[in-house]
1. GluC sites (Glu not before Pro), restricted to the range 154-238: which are DSSP loop and have at most 11 other Cβ atoms within 10 Å?
2. As a check on your grasp of the helix formula, calculate [θ] at 222 nm for the chain: sum -39500 (n - 2.57) over DSSP H runs of n ≥ 4, divide by the residue count, round to the nearest 500.
3. Over the chain, one equal point on each Cα, no solvent: what is log10 I(q)/I(0) by the Debye formula at q = 0.07, 0.18 Å⁻¹?
4. Between His203, Phe175, Gly185, whose Cα lies farthest towards the positive end of the dipole of the range 118-238 when Lys and Arg beta carbons carry +1 and Asp and Glu beta carbons carry -1, centred on the Cα centre?
5. Return the subset of Lys104/Lys223; Lys43/Lys93; Lys129/Lys179 for which the Cα-Cα distance in this structure is over 19 Å, preserving the input order.
6. Solvent-accessible area per residue for the chain at a 1.4 Å probe radius, Å²?
7. Report the FRET efficiency, 1/(1 + (r/R0)^6), for Ser52 and Met16, where r is their Cβ-Cβ distance and R0 is 45 Å, rounded to 0.05.
8. If ligands, DNA and RNA are left out, what is the accessible area of Thr214 with a 1.4 Å probe, given in Å² to the nearest 10?
Amino acid sequence: MDKDSNKATFLFSSIMVVVIAVVLSIAAIGLAPYQEKNIRVEKMQNILTSVSIPTETGNAEDFFNQYITKQIVLNNKGEEVTGKIAAFDIDLKKEQDKIKTRKKGEQLFPLFICNKDEKTFYIIPVRGKGLWGPIWGYISLESDMNTIYGVSFGHKGETPGLGAEIETEKFQQQFIGKKIFDEAGNFVSVTAIKGGAPPSDMHGVDAISGATITSRGVTEMFKRTLSNYIPYFKSRKR
């Protein structure tokens, strides 16, 4: 075969494409367990960050097992369910998507209970929509199941200096000490207020300047996600 012919070029290119595809597939399969482990470790770190427990990749799992003393799975009525799936393995996006397929009654919600300094904290995963993609995080409540102890937020593609500010300590620190119930015991959540929240507002934080849609996303994420846990919290307070 003439090496300079179109046929030879096409054949060589086809062989290279197949070889590269095989190599990439083998690499992907071989690295999959490590990628899954990294995702699990990062999730553990984010959960612990919401209760101000600093970790590194090497010690995250040990710290998680030390401080997270119980994992609970709740149904949409706030009742504990067992045997279906571990709380840690619940994919919140898939649970939220059940609403689209008219399976709201089958939704499951994870709850992590942390014991730190002889105090109990309740950690709730949250997920919502920002300007350019999903936003998510973890909220920890003190033992009164009302006062926010800490938060940890992440995002997929928010704008640096604007929506991406939800990841900054400055924004997240605002939530500490805020309440999700009012004095009458009604669920009111926490709102990111455009123009700033008064210091006395126990249910409001300053919205991010120039990131109105992302700030609204945080507000909506809080209210919608936390509302799924209200029946459980109220049953525990009786």
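1. Working: sites: Glu158, Glu165, Glu167, Glu169, Glu183, Glu220; in loops: Glu158, Glu183.
Taking the range 154-238 and a limit of 11 other Cβ atoms within 10 Å, the loop GluC sites (Glu not before Pro) found are Glu183.
2. Details: 6 runs with 87 residues, N = 238.
Dividing the helical sum by the residues of the chain leaves -12000 deg cm²/dmol.
3. Listed by q, the Debye log ratios stand at -0.31, -1.47.
4. My answer, from the dipole projection, is Gly185.
5. Numbers: Lys104/Lys223 17 Å; Lys43/Lys93 14 Å; Lys129/Lys179 22 Å.
Over 19 Å Cα-Cα: Lys129/Lys179.
6. Numbers: 14080 Å² over 238 residues.
Accessible area per residue, the chain: 59 Å².
7. Details: r = 52 Å, r/R0 = 1.16.
Efficiency at R0 = 45 Å is approximately 0.30.
8. The value for Thr214 is about 0 Å².
The values are calculated or read from the model by the stated rules, or taken from the named source; none is laboratory data. All values reported here derive from a predicted model rather than from experimental measurement. Using ideal geometry, Cβ is built from the backbone for each residue, glycine included, and neighbour counts are taken over all protein chains shown. Heavy atoms of the whole protein, side chains included, go into the accessibility calculation; ligands, DNA and RNA do not. Shrake-Rupley method; radii C 1.70, N 1.55, O 1.52, S 1.80 Å.
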